[in-house]
Amino acid sequence: MKNQKERVFEEIYSSHKDRIYRLCKGFVKDEDQAKDLFQEILIKIWRHLDAFREESQISTWIYRIAYNTAITFSTKEKKQEERKSEMPAEFQWSDSDYPHSEMDQQIQLLYQAINELPELDRIIATLLLENSSYRAIAEISGISENYVAVKVNRIKTSLSKKLNPQTHGN
């Protein structure tokens, strides 16, 4: 028989797994890294579930954990990439060597463009794609709602330029 913590975690997992995974895809470049990050986030949610004090919505709490974990993970991955670049070229893999998901090409292009944004912009864009409110994004990212609105406009402009360079004179 499951205890209360297991039941709550199952509910969190079933209702938030897709959103968390898409957040992971917004932070890392390949499927394996996204899966690793996803597992790391779930482990942290499990470990800290007893500490949730219901001072905010559980979804905000979950995404705050996911955001902080993704930033830490992303930093580790960048360091690993730097070490990888020290390796002779014949031992390095290119992006084409990694398996790709069967995600629609337009969506893949969007996530690639999001992946090129600065970290805070990536999290905001990913949360927007999940239909998070500006208030929730502000709580998760630690910035004001007004600044979220400013960042959203800048992100939209940046993504538009990346995805439609011919219409922006690039």
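Summary of computed values
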item	result
Gained length - R154 relative to K44, 0.36 nm times residue gap less alpha-carbon distance	36.4 nm
Fewest-first sequence of R7, R19 by Cβ atoms within 10 Å of each Cβ	R7, R19
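FYI, it's all coordinate maths here, none of it is from the lab. All of these numbers come straight from a predicted model, not from anything done at the bench. Here Cβ is always computed from backbone atoms with ideal geometry, including for glycine, and neighbour counts include all displayed protein chains.
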